[in-house]
Amino acid sequence: MKEQNNTHLNSPYAGRWVALVRGRVVAQGGTPEQALRASRSSRYKERPEIRFMSVPFNFSPLLKKIINVLPANTEVYLVGGAVRDLLTNRPSPDLDFAVPSNGISTARAVANALQADFMTLDSERDAGRVIMIEDGIYTYLDFAAYRGATLEDDLRDRDFTINALALNVRDTTIIDPLNGAADIRAKVIRACSPDSLSNDPVRILRAVRQAAAFGFTIDSFTRELMKQAANQINNVSIERVRDEVFKILGGPKPSASIRALDMLGVLRHLMPELLKMKGVAQSNPHIHEVWTHTLAVVDQLDNLLTSSLRLDFDPEKTSDMFMGLVSLKIGRYREQIARHFASPLNPSRSHRSLLFFAALYHDVCKPDTKTIDETGRIRFFDHDIKGAEIAAERARAFNLSNGEVERLHTIVRHHMRFHFFADRLEREGQPPSRKAVYRFFRDSGAAGVDLILLALADLRGTKGNELTQVTWTAYLDIARLLLENYWERPEEIVNPPRLINGNELMQELDLKPGKTVGELLELIRENQAAGKITDREQALAFAREELAKGSSQS
């Protein structure tokens, strides 16, 4: 059995092992053994030559570097998603390697050769990890011993056929026992076995995520297996479930993925509080009930971030007038928005996914706060305040960091404030005052940027095709005003420098420590942001006046 060095791009057998008799292909398979067995079924008296019909691979510089330092005489295969990505010309963020044994020691040897960090990943599975950092980007190289006696056993034990491939990195031959390459070409996600989903139910989430990421469909039998295993998802560690949920929210088509999880019966086991929004009616200007509205907001947020606010967006190429106006009004902040999302609160989860999680939960308490007034108008008083608590509760259940929990709480708690600003501008021609802008960012901080983007998506998800240019322009004018102050004039309004501190205030006004000192400092900063106080003497004079007012009122 040998590898054929010539590339057969036009051959139907490219990337397959074939059995040759007198130069003619008599059988083929995903492994040398499959090709041999297939030939024997029809040419049992012949002794075929088994060859691999090679395909070209564009190895990244990193992969080439790894291949050059692999221990000599060690059988090493690149496996799983990295091979799938090579076949589809996609960049692969992490690389998994399979070896017959000594996975940990192989990883340690590669780490030493690359002068990279090493960690034991799983001692029971004999798996080690190499951690490379280049230009601030982390790449993980995992080396693990076969799951089973052979490489083929390892591949058959994986989740989906598109990930059940192995590439011999030394001679670039492929082992594909389950015809995963054919499924990649057909854009189909298929379970490796009837037990694939029940053995590890988190694979349900992975299938939905990969279908959205690659534009693939999930085959019908696999969908049935997913439905059958849905009620076992709670048997999986919450961290693994959380990580897949956040990868879904951080990837393409998040709203379609959430719909898919709902239809598969998984969502009720992950975030059951979301489903209470189904069928909850809303008054005008809402065109959808609450659940459909929520998914529309997620969809519009995705559209906003991947179109007009994308760094390489060309307004001349869009047919969406509203997205064109976004580019016109706030397009100059694309780089700042990109940097905003490039700074996650946790290195394991993207900032984008956290905002989409907030979008899912921004109206979660509307079912619990629904009232109908005497005119028949439906209202949801305090749904933002109560919803913030529910979002934070789910975030803590997912073991998110304290910073992430606080950010989610802030976004959901304050998501209505932008709407009040825009509504007043449209109705009365009154933009928010300097003091109002200060208070907005005082209460939201960096989450203010998230609130602005969520509000724009919320409006489009509310009105749909009934949205007018007048209303949209008012919203964009508010967005521009807030972003301009946040990024261009932060010291003037958003975060004015302190003119006096608490100790100085107590000394000058003969005050004792207490809440009065804090209240006075905050009033000074508010009026400083409003342009009414510009120096220390004015700050002290203002504080004396406030104390005098308080004394006279008491």
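The values are calculated or read from the model by the stated rules, or taken from the named source; none is laboratory data. Predicted model, so just to flag it, every value in this text is computed and none were measured. Note that each Cβ is placed from the backbone with ideal geometry, even for glycine, and that neighbours are counted across all protein chains shown.
Restricting to the stretch 330-365, name every residue that is farther than 12 Å from D450 by Cα, part of a helix (DSSP H, G or I) and touching a Lys or Arg at 6+ places or on another chain (Cβ under 8 Å). Passing the criteria: I330, R334, Y361.
How many residues are buried (at least 16 other Cβ atoms within 10 Å of the Cβ) and not in a helix (DSSP H, G or I) when one looks only at the stretch 512-536? Before the answer, list the steps.
Our first condition is that a residue be buried (at least 16 other Cβ atoms within 10 Å of the Cβ); within the stretch 512-536, this holds for 516-517, 520-521, 524-530, 533.
Narrowing further to those that are not in a helix (DSSP H, G or I): 530, 533.
Residues flagged as buried (at least 16 other Cβ atoms within 10 Å of the Cβ) and not in a helix (DSSP H, G or I) within the stretch 512-536 amount to 2.
Look at the stretch 353-367: where a residue is closer than 18 Å to G251 by Cβ and a partner is outside any helix (DSSP H, G or I), sitting 6+ places away or on another chain with Cβ atoms under 8 Å, you get L354/P344; L354/L345; A358/H415; L360/M271.
Is it true that L141 is in a helix (DSSP H, G or I), buried (at least 17 other Cβ atoms within 10 Å of the Cβ) and either over 29 Å from the mean Cα position of the chain (by Cα) or assigned by TED's automatic domain parsing to the domain that holds K65 (or both)?
Working: in a helix (DSSP H, G or I): no; buried (at least 17 other Cβ atoms within 10 Å of the Cβ): yes; either over 29 Å from the mean Cα position of the chain (by Cα) or assigned by TED's automatic domain parsing to the domain that holds K65 (or both): yes.
The answer is no for L141.
Scanning the stretch 237-257 for residues that are within 18 Å of L274 (Cα to Cα), surrounded by fewer than 22 Cβ atoms within 10 Å (Cβ to Cβ) and small (G, A, S) yields one hit, A256. Restricting attention to the stretch 432-452, the residues that are of a type in the set (S, T, N, Q) and not in a loop (DSSP other than H, G, I, E, B) total 1. Tell me whether the stretch 410-419 contains one or more residues that are buried (at least 18 other Cβ atoms within 10 Å of the Cβ) and either farther than 16 Å from H362 by Cβ or touching a Cys at 6+ places or on another chain (Cβ under 8 Å) (or both). No, the stretch 410-419 contains no residue that is buried (at least 18 other Cβ atoms within 10 Å of the Cβ) and either farther than 16 Å from H362 by Cβ or touching a Cys at 6+ places or on another chain (Cβ under 8 Å) (or both).
Identify, from the list P490, P497, the residue that is without any contact (Cβ under 8 Å) to a residue 12 or more places away in the chain and closer than 26 Å to L355 by Cα.
Details: P497 fails: closer than 26 Å to L355 by Cα.
Matching residue, one of P490, P497: P490.
Only residues that are in contact (Cβ under 8 Å) with a residue 12 or more places away in the chain, part of a helix (DSSP H, G or I) and not aromatic (F, W, Y): list them for the stretch 308-329, please. Selection gives P315, M321, M323, G324, L325, V326, S327, L328, K329.
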